[in-house]
Amino acid sequence: CVILAMMLMNVSSPQLGSALGYFYTADEQCLADGPHFNYTYYITITGIVGSVVNFVSVILYQAFMSTWRFRPALIFTIVIGSLAPIVDLVIVMRWNEAIGISDEVFFLLGNAIFENLVVILLAIPMSAIYAKVSPPGMESAVFAYVVGIGNFTGMFSGLVGSAIIEWSNMKTVGEDCDFSELPTIIVLFKILLPMLVGIPATFLIPNVLQTEPLIDWDKEKWCEEDVSTGNDGEHGESLMDPQISVGNEEDDGRIEPHLL
């Protein structure tokens, strides 16, 4: 159930960054009434701000959300992540210019901050969940398996986002670009879909504190006693205690050929 919840949360948020990137950086020939961000601002400046936000996000999570239960922490993050694309919607609809806020300022204070904030706030509890679903003695293998599933679903959400952009018939390059379907796509797949699918998916995760185990491995009988101690106590004792075996070899005076 935990892995299914992780898959649903990842798939419910298709990646539409390519379409938004084309919109923000389109020139006047492509989009006359667009933000026209240059790449220095769109990549470098926002990247620096995003790095600072990542650092602050870790501090905020540790200070305020580390004591929450898994389910409220994930629901809160999904809601914030669903509201963050409203910044993109406002810029695409050009509503920010109507209230006198430039595209650069509105994008920097909105998208550049909230997008990175949501990524960290979601990554921290999910990393803890990955570790807690790993049974004793198989931590590395199960952790790698679960992370691999997470990476696959993330890649799949990117493919879904590309398919959505392709099916919308948006024209993102060349002359007379057409981004008329972009507001609808943002509302449906970046605001509504994560809340309609992601929030119910969190109920598949046990509502325990982040400091508590997700699975009681003793109750699940993952670790059981060696069956060799069940029928013959002396035989089981000799198998479990290597010193007794060594002592027997010394008394016998012989060494098994495979030990030479």
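The values are calculated or read from the model by the stated rules, or taken from the named source; none is laboratory data. Please read these numbers as outputs of a predicted model, since none were measured by experiment. FYI the Cβ positions are ideal-geometry reconstructions off the backbone, even for glycines, and counts take in every protein chain you see. To get the accessible areas, we keep the full protein, side chains included, count just its heavy atoms, and leave off ligands, DNA and RNA. Shrake-Rupley method; radii C 1.70, N 1.55, O 1.52, S 1.80 Å.
Summary of values
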{"quantity": "Computed E for Leu8/Asp216 - FRET, C-beta separation, R0 30 angstrom, nearest 0.05", "calculated": "0.80"}
{"quantity": "Proximal lysines to Lys219, defined as alpha-carbon separation beneath 30 angstrom and excluding residues fewer than eight positions away on the same chain", "calculated": "Lys132"}
{"quantity": "Unit Cα scatterers, Debye sum, the stretch 1-112: log10 I(q)/I(0) for q = 0.19, 0.21, 0.23, 0.24 Å⁻¹", "calculated": "-1.13, -1.25, -1.35, -1.40"}
{"quantity": "Accessible surface of Val160 - all protein chains present, 1.4 Å probe, nearest 10 Å²", "calculated": "40 Å²"}
{"quantity": "Rounded to whole Hz, the Karplus (6.51, -1.76, 1.60) HN-Hα couplings of the stretch 74-79, x for glycine and proline", "calculated": "6, 5, 4, 5, 5, 5"}
{"quantity": "Nitroxide proxy distance, nm - points 7 Å out along Cα→Cβ at Glu139 and Tyr41", "calculated": "4.8 nm"}
{"quantity": "Chain lengthening between Gln29 and Ile86 when straightened (0.36 nm per residue, less Cα-Cα)", "calculated": "17.9 nm"}
{"quantity": "Farthest positive-ward along the stretch 1-141 dipole, Cα basis, beta-carbon charges - from Phe37, Ala128, Ser12", "calculated": "Ala128"}
{"quantity": "Heavy-atom surface of the stretch 24-63, accessible at 1.4 Å and reported per residue (Å²)", "calculated": "60 Å²"}
{"quantity": "J(HN,Hα) series, the stretch 93-106, from Karplus relation 6.51 cos²θ - 1.76 cosθ + 1.60, nearest Hz, glycine and proline x", "calculated": "7, 6, 6, 5, 5, 5, 9, x, 10, 5, 4, 4, 5, 5"}
{"quantity": "Qualifying chymotrypsin sites (Phe, Trp or Tyr not before Pro) in the stretch 21-66, DSSP loop, other Cβ atoms within 10 Å at most 12", "calculated": "none"}
{"quantity": "Normalised contact order of the stretch 44-177, rounded percent, pairs of Cα under 8 Å and 6 or more residues apart", "calculated": "27 percent"}
{"quantity": "Derived scalar couplings ³J(HN,Hα) [the stretch 35-50; Karplus, 6.51 cos²θ - 1.76 cosθ + 1.60; whole Hz; x for Gly, Pro]", "calculated": "x, 6, 5, 7, 5, 4, 6, 5, 9, 6, 5, 5, x, 5, 4, x"}
{"quantity": "Portion, in percent, of the accessible area of the stretch 139-207 that falls on carbon or sulfur, probe 1.4 Å", "calculated": "67 percent"}
{"quantity": "Surface per residue (accessible, 1.4 Å probe) for the stretch 132-185, Å²", "calculated": "57 Å²"}
{"quantity": "Exposure ranking of Trp68, Trp217 by accessible area [1.4 Å probe, largest first]", "calculated": "Trp68, Trp217"}
{"quantity": "For Tyr42, net neighbour charge (Lys/Arg +1, Asp/Glu -1) across residues whose Cβ lies under 11 Å away", "calculated": "-2"}
{"quantity": "Dipole in debye (nearest 20) - the stretch 20-179, about Cα centre, beta carbon charges: Lys, Arg +1; Asp, Glu -1", "calculated": "1060 debye"}
